[in-house]
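Report on one structure; see the data block that follows.
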Number of protein chains: 2
Amino acid sequence: MNKKEEISISVIKRLPRYYRYLDSLKRNGIVRISSKELAQRMGLTASQIRHDFNCFGGFGQQGYGYNVPELYKKIGEILDVGGEKKMVLVGAGNLGKAVANKIFSTDSGFRLIGIFDKNIALCGNMIKGIPVRSIDYIENFCIDNKPVCAVLCIPSDDMKELIDMLVRLGVKSFWNFSNYDILMSHPDVLCENVHLADSLMTLGYLTSTEGQA
Amino acid sequence: MNKKEEISISVIKRLPRYYRYLDSLKRNGIVRISSKELAQRMGLTASQIRHDFNCFGGFGQQGYGYNVPELYKKIGEILDVGGEKKMVLVGAGNLGKAVANKIFSTDSGFRLIGIFDKNIALCGNMIKGIPVRSIDYIENFCIDNKPVCAVLCIPSDDMKELIDMLVRLGVKSFWNFSNYDILMSHPDVLCENVHLADSLMTLGYLTSTEGQA
């Protein structure tokens, strides 16, 4: 089944948030919670929560609420947090290092197996126990290790050739921190874009208009 | 006028993208473009572009297209890219350093004036010419310098006290990289959240379901 085509992206994007809140409830020893209570804590509506969970078959019992540890476990399974999806990172600067830390501290089911940079001065450095290799080795590394996902923490220049090669070698999803528009040339891959500049400019607009209010 | 309340956030979030594409067109010497051509390049529809621009009074002339440098300039003005909104950054680790670089390389109208960390070992380091100061000094710094925005590149623990203080001292917008839910306790501030873990987990879900397709 390709759930991706059945469930709207906005529901999917809420799953990690549910997972995070449930983790926090679990840590606080809360075993059972109603959709109403969960909604209040998360700033959602109870009907939205029930709708979201129904997309995956529903996890509650009418009038009885949700069992927190069970729901946490089930959402974790849906998110494939225990997966072993192999991932490579391109870019070992400050952003690459921060992102590598995030990958290691997040239950995402990804396993970072290789880090690459074109800056020779960075090669040989260790990030989370993984050596930074020259970008010249990425092709052979991908042939040998078959990662399914690539993280791009480099500027947009010269990106086309790299993306074309990674897609050719079987990479089917990208966590993209660059401004390069991957889907324009490869509409079939999965792409999660993090456009930090757009995010900051949006905040700039909001902050400046707020000042005029 | 408080534009924030009049124009939908989805339109606002597209403005930086328009600005980016127009910059690229301008650099390539393109002086005029129709909404249809711009739509094709951006993967939008022409009517969506016309609708977005009409929210700000419309910038084109029927049948004549948009003047690229003029449109770039006008959108820049709307985004307040030439502004001088003072901003402080909390967290001088890898993420903080990467985010400081992004602030300096983005036309957002923000001016980063202070960087703080609770890790004494980082204090005194220079990032983009700004010394990292101990978090103990942030209160007096804000009283003296009156920043309007704070960037949070620290974990969620002990965040409540910091946010409460910053809001009390006049900070009205946050670029939030932590999981701390600022709007829950301060519904009146502006908050642009960058939840990297949620983004990665969403990609994890999509990548794993794609594999089952």
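Only the coordinates and a few stated rules stand behind these numbers; no lab work does. Given the structure is predicted, the values throughout are model-derived calculations rather than measurements. With ideal geometry, Cβ positions are generated from the backbone for all residues, glycine too; neighbour counts draw on all protein chains shown.
For the reader, a short list of remarks on this structure follows.
- Computed [θ] at 222 nm, deg cm²/dmol, the protein assembly as shown (DSSP H ≥ 4; -39,500 (n - 2.57); rounded to nearest 500): -14000 deg cm²/dmol
- For B:16-23, mean number of other protein chain Cβ atoms within 10 Å: 4
- Computed from the alpha carbon atoms alone, the convex hull of chain B holds 171 Å³ per residue.
- Computed Rg/Rh of the protein assembly as shown, alpha carbon atoms with Kirkwood Rh: 0.96
- With label points set 7 Å from Cα along Cα→Cβ, the inter-copy distances at A:Asp157 are 4.1 nm, sorted shortest first.
- Cα point-scatterer Debye curve for region A:73-168, base-10 log of I(q)/I(0) at q = 0.11, 0.14, 0.17, 0.20 Å⁻¹: -0.32, -0.51, -0.74, -0.98
- GNM top mover of A:Pro187, A:Pro147, A:Pro16 - chain A, alpha-carbon springs below 10 Å: A:Pro187
- Over region B:115-159, the pair-distance histogram of Cα-Cα distances with 10 Å bins from zero comes to 24, 59, 17 percent, rounded to whole numbers.
- Mean per-residue shielding of peptide A:37-48 is 1, counting Cβ atoms of other chains within 10 Å of each Cβ.
- Applying a DSSP loop filter and a limit of 13 other Cβ atoms within 10 Å to the GluC sites (Glu not before Pro) in region B:1-108 leaves B:Glu84.
- Listed residues B:Ala92, B:Ala121, B:Ala100, most fluctuating in chain B (Gaussian network, C-alpha, under 10 Å): B:Ala121
- Pairs beyond 18 Å (Cα-Cα), from A:Lys13/A:Lys36; B:Lys74/B:Lys172; B:Lys102/B:Lys128; A:Lys85/A:Lys146: A:Lys13/A:Lys36; B:Lys74/B:Lys172
- Net +/- balance of residues flanking B:Arg14 in space, Cβ distance below 12 Å, scoring K and R +1, D and E -1: +1
- Intensity falloff of region B:1-53 expressed as log10 I(q)/I(0), Debye formula with alpha-carbon point scatterers, at q = 0.25 Å⁻¹: -1.01
- Compactness of region B:117-213, expressed as Rg and Dmax over alpha-carbon positions, Å: 16.9, 58
- Per-selection Rg to Rh, region A:81-124 - Cα, Kirkwood hydrodynamic radius: 1.02
- Shielding by partners, peptide B:98-110 (average Cβ within 10 angstrom, other chains): 5
- Among beta bridges that DSSP assigns inside region B:42-190, antiparallel share in %, nearest 5: 15 percent
- For A:Pro131, label point 7 Å along C-beta direction: distances to other copies, nm: 4.0
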